[in-house]
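Values quoted throughout were computed directly from the atomic coordinates according to the rules given, and no laboratory measurement underlies them. Just so it is clear, the model here is predicted, and its values are computed rather than measured. Every residue, glycine as well, gets a Cβ built from its backbone with ideal geometry; the counts of neighbours run over all protein chains shown.
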Amino acid sequence: MKFNIALLPGDGIGPEVVDQAVKAVNAVCKKFGHEATFTKGLVGACAIDATGDPFPEETFQTCMKSDAVLFGAVGDPRYDNNPTAKVRPENGLLAMRKKLGLFANLRPMETYKSLVDKSPLKRELIEGAEFLCVRELTGGMYFGEKGRRDNGDTAFDTNLYHRFEVERILKLAFEYAKLRRKHLTVVDKANVLESSRLWREVAQEMAPKYPDVTTDYMFVDNAAMKIVTCPKFFDVLVTENTFGDILTDEASVIAGSMGLLASASIGEHTSLFEPIHGSYPQAAGKNIANPLATILSAAMMFEYAFKLKAEGKAIRDAVAASIEQGYVTEDLAGEGEKHSTSEVGDWVAAHI
Ligand code: IPM
Ligand code: MN
C-alpha cells in the first residue's frame, strides 16, 4: 500500500520523538512492502513564529489531503508564563482537532512486565491492568464560550455539550467495550454538573441497546481514586474532554512513564496519532526524551487508519523488546544504562 502521512512535529521534544516514529514507520514499510510519503507541516509555537498562526491553513490542507497525521507535541514556556498572550501554541492543537472533526481520543493504558517495578504503584495492583480511555475531544470547556467580565476580574469557561456530541462518543465507547471485556464505565460529575446529567441521561438511554455490555457510572473524583487504587477494575472508560485530559495523565503513572502512552484521535476527517505527553521543553534538543509513546502512536496509525494489524504489531513487539531488554531512555533506565532518544529509535527500527 501507499500512504501519505502528514508529519507535524510541533514544539519542544516533538521533532525528536517524531523522527524516531518515522524510522519505525519506514522500517515497517520496508518489511511489509509499503510506501510512505511524509509531508511536513507547522503547528504550535513554531507555526506562530513562522506565520503568526498556530495552525496555518497550509497545515490544515496538508492534513486533509493525507491518509493520517502523525503529531508530536505543542507548547512553549514563553506562553505558559504569559497569561495575557493573545495566541497560544495549544490553540493550534485545538484548532486542528476541531477542524479535522476529531471528536474521539483513544488512549490505551497498558503495562509492561519488566516495568511493573518502575511504577510508583504496588506490583499486585497493576499487574494485568489494561484499559482504554475514550476521551471526548472537541467539546466541553475546551471549546465552550469563555471570557472575562468586570474589567477582567471575572473569568468563565463554559462546559457545553450537545446531545449529538454525547451520543457519538458514547456509541464509539459502547462499541469498543463490545469488542473487549464488555465493561463500560461512564465517568462524570452528575451530582453537580448539568452537562454531566445530560451525559448520564444519554448513556442510560443507550445502554439497553448494548445488552452484552455491563455499563456503570462513576463520579470523576471517585474514578480518579479508583484508577490508582484499583486499575484492574476498568475495561473501557468514557468521559468528557477535561476529565479525560486529567484522568489519562493520571493513568500514565500505572505504566511507569508518561513517555509510554500513545493515542489515536479519530472522527470526521483524517485521523491523528499523538503521544499523550506534552512538549517537555526542559528536554528539548537534548536527545533524552522517551520516543516510545510516539512510536506506539505510529503503531496505532497502522492499526486504526490503515487497518494493518500485523504492521502495528511489528512496531509494538519491537517496543516491548526494547523495554524488556532495557534499551530505554533515562526515564525508564533506573540504575541501568541510559540510551538517547535517537539510539532508542534506531534500536526499535532495527528490531522491526
Ligand atoms: C493533551 C494535551 C492537550 C490537551 C494540550 C496541549 C492542549 O494536554 O493532548 O492531553 O489538553 O488536550
Ligand atoms: Mn493532557
Just to confirm the filter: which trypsin sites (Lys or Arg not before Pro) across segment 203-291 are DSSP coil and have at most 16 other Cβ within 10 angstrom of their Cβ?
LYS286
In nanometres, what is the gap between the two model label sites at ALA310 and LYS171, each 7 Å from Cα along Cα-to-Cβ?
3.3
Rounded, prolate or oblate (a/c below 1.5 giving rounded, otherwise prolate when a/b exceeds b/c) for segment 183-295 by Cα gyration tensor:
prolate
Given an 8 Å cut-off on Cα distances and at least 6 residues of separation, report the relative contact order of segment 283-325 as a percent.
32
Length-normalised contact order of the chain in % [C-alpha pairs under 8 Å, at least 6 apart]
23
Take the Cα gyration tensor of the chain, multiply each eigenvalue by 5, square-root it, and list the three semi-axes largest first, rounded to whole angstrom.
30, 26, 21
Most fluctuating residue given options PHE156, PHE103, PHE243, as computed from a GNM of the chain linking Cα atoms under 10 Å
PHE156
Placing unit charges on C-beta atoms (Lys and Arg positive, Asp and Glu negative, everything else neutral), compute the dipole magnitude of segment 98-145 about its Cα centre in debye, rounded to 20.
180
Semi-axes (Å, rounded, descending) of the ellipsoid equivalent to segment 37-176 per its C-alpha gyration tensor are 30, 22, 20
Under 18 Å Cα-Cα from LYS65, which aspartates and glutamates qualify once same-chain neighbours fewer than 8 residues away are excluded?
GLU35, GLU57, GLU268
Is segment 143-206 rounded, prolate or oblate when judged by the Cα gyration tensor, a ≥ b ≥ c being the square roots of its eigenvalues, rounded requiring a/c under 1.5 and prolate requiring a/b larger than b/c?
prolate
Along the Cα→Cβ direction, 7 angstrom out, place labels at GLU58 and LYS122. What is the inter-label distance in nm?
5.6
A correct fewest-to-most ranking of CYS29, CYS133, CYS230 by other Cβ atoms within 10 Å would be CYS230, CYS29, CYS133
Mind checking the dipole of segment 1-116: about its Cα centre, +1 per Lys or Arg Cβ, -1 per Asp or Glu Cβ, Debye to the nearest 20?
400
Rounded to the nearest 500 deg cm²/dmol, what is the calculated helix-only ellipticity per residue at 222 nm for the chain, with -39500 (n - 2.57) per DSSP H run of length n ≥ 4?
-12500 deg cm²/dmol
Set of lysines with alpha-carbon distance to LYS31 below 16 Å, sequence-local pairs under 8 removed
LYS2, LYS23, LYS309, LYS313
Cross-link reach list, lysines versus LYS118, counting only Cα pairs under 17 Å and skipping chain neighbours closer than eight places
LYS338
